[in-house]
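Note sheet for the following structure.
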Amino acid sequence: MYVELGGPKIERHFELVRVKPEKEIEDGKITLIGPDIMDMEVGSRHPIGILVEVSGPELEEDLEAVFERRVHEFCNFVNGIMHLNQRYTNWMRFSKTAVEKGFNSFQMLGTVLIRLYKAELPIIKKAQVTFYTDPDKIKEPYDFALSIYSKRDERARSINDDDVDMFYGCVLCQSFAPTHACCITPNRMSLCGSISWFDARAAARVDPKGPLFEVPMGETINKEAGEYSGINEMIKKRSLGEINRIYLYSGMEFPHTSCGCFEAIDFLIPETGAGHGIIDRSYDGVAINGLPFSAMANQTGGGKQMPGFNGISIQYIISPKFQIYDATQIGLKSGIELVVWMGKTVKDRVYEFLPEDIRDKIATEEDVADLSDLPAWLEKVGHPIVETEEYKAAVGGIEEVEEEWEEEGAMVPMGTVGMTIPGVGGAGGFKVILKNCKIHAESIIIKKIEPKRKKK
Ligand code: SF4
Ligand code: ZN
């Protein structure tokens, strides 16, 4: 790596596309505010702001988010540049090879972006790009970008799935995850968090054969789960037969696929029965299940249907349809009632939108850092999950297994709940607990066992 721009270790970074009147755009103009690549030290980290301003007679504001998403793709076209994520989580690296070969200036990246924007999206007639790398001068445009993202999100929250008769799909990420296609509905913003139903509608209207397209709902097969024949047909076709069914509002049964650019991960915490945890990209450290975002992202992404690990947008957490199917299956009234733990970074972002009667009952790492302390905390605050049969079985089940182990101290399988794989010489080894087994195991917990005997 030659330099890193943006990413989780840098406070302010963003990418934003704005549609402007023609007279405000100087076609081809590239402005840099801050040091250029060639002035940066090898191995250093810097802020990055990318502001692309475009004009064209057919352009409308609704297209901005869709254009903005293409920054990811266009930057990755450049050999030796890595670009990840979007909005204020963008993260880039320039390789030493790229810089040694002469790709050492934002002038070049700006030229690439402007030419690709105009070539790939011919409705864009003029474009100019401004890069910000100065840590002080990025503050104002960064705050402005955040205000635009909030405005877009606020608008996206103004309608519901029941208010519309068309959904949309997006296959922009198929170059990274070939079996993935996003289903974008008013209540389920794309998992990258950057394309709302309004944005997708605008994109499909101007370029119906492009990567964003209409998805007629077809027949409603299961309204509560969000299963529609039109979506099933779409995913079957777009995943080349890999995936046949999607429940839009479930993370556990026929869940939506995840590519790799989800804003957050909604994951099952089997130790709480059906409880879920949520962690977002900016969370630094390990989640309540002992895994950092990166490890869970590997499990979640790649275009697979992965019950218990669901890549989601942050807006979806506050959607009335959020995992509503999983919640009602166990007698809860809303999906947010499933959530027992959230990383503080994501909880802070959605706190004001969460129902008042539940938001303080969701633990963060500041309340509970160790999984074994979670049930007691949930019971203390009266989290609704503790009333579910699934919770009672899970919490009781673990205790039973522990008890049996301590009493017998033997390395033998323990029925259908758990089993032990002995270590060499009969000491230590691993405990394997299979939970919620129906057709397949939702989770396998492998714990190292220290030899111990119950005190007489
Ligand atoms: Fe499109 Fe989904 Fe990828 Fe976002 S995550 S760019 S909506 S495919
Ligand atoms: Zn993606």
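Laboratory data are not the source of any read-out in this text; all were calculated from the coordinates shown. It should be emphasised that the depicted structure is a prediction, and the values quoted were computed from it without experimental measurement. So basically every Cβ, Gly included, is an ideal-geometry build from the backbone, and we count neighbours across all protein chains shown.
Remarks
- Full-stretch length increase - residue 134, residue 79 - with 0.36 nm per residue and alpha-carbon distance subtracted: 17.3 nm
- Inter-probe distance in nm under a simple model that places probes 7 Å from Cα toward Cβ, at residue 29 and residue 143: 2.4 nm
- Sorting 348-354, 265-271 by their mean Cβ neighbour count within 10 Å, with the most densely packed peptide first, gives 265-271, 348-354.
- Simple label model, 7 Å out from Cα along Cβ direction - residue 236 to residue 294, nm: 4.0 nm
- Distance from the range 189-247 to the range 269-289 (C-alpha centre basis), Å: 28 Å
- When the convex hull of its Cα atoms is viewed from all sides, the range 211-274 shows a mean projected area of 5.6 nm².
- Cross-link reach list, aspartates and glutamates versus residue 96, counting only Cα pairs under 16 Å and skipping chain neighbours closer than eight places: 4, 36, 39, 41
- Of 218, 127, 261, farthest towards positive along the dipole that unit charges on Lys, Arg, Asp, Glu beta carbons give the chain: 127
- Modelled FRET efficiency - R0 35 Å, residue 221 with residue 444, Cβ distances, 0.05 increments: 0.65
- Peptides ranked, highest mean first, by Cβ atoms within 10 Å: ranges 250-257, 85-92: 250-257, 85-92
- Here the dipole of the chain is about 1200 debye; that uses its Cα centre as origin and unit charges on the Cβ of Lys and Arg (positive) and Asp and Glu (negative).
- Net charge dipole, the range 1-109: roughly 540 debye, given to the nearest 20, about the Cα centre with Cβ charges of +1 for Lys and Arg and -1 for Asp and Glu.
- Burial ranking of peptide ranges 221-229, 318-326 (average Cβ count within 10 Å, highest at the top): 318-326, 221-229
- Largest first and in whole Å, the equivalent-ellipsoid semi-axes of the chain read 43, 26, 20, each the square root of five times a Cα gyration tensor eigenvalue.
- Spin-label model distance (nm) - residue 379 vs residue 58, 7 Å beyond Cα toward Cβ: 6.4 nm
- Here r is the Cβ-Cβ distance between residue 115 and residue 304 and R0 is 41 Å; the resulting FRET efficiency, rounded to 0.05, is 0.70.
- In terms of distances greater than 30 angstrom between alpha carbons, the cross-link table entries 9/347; 101/139; 223/304; 126/209; 101/151 yield 101/139; 101/151.
- Legend: calculated FRET efficiency, residue 175 to residue 245, from the Cβ-Cβ distance at R0 = 30 Å, rounded to 0.05, equals 0.80.
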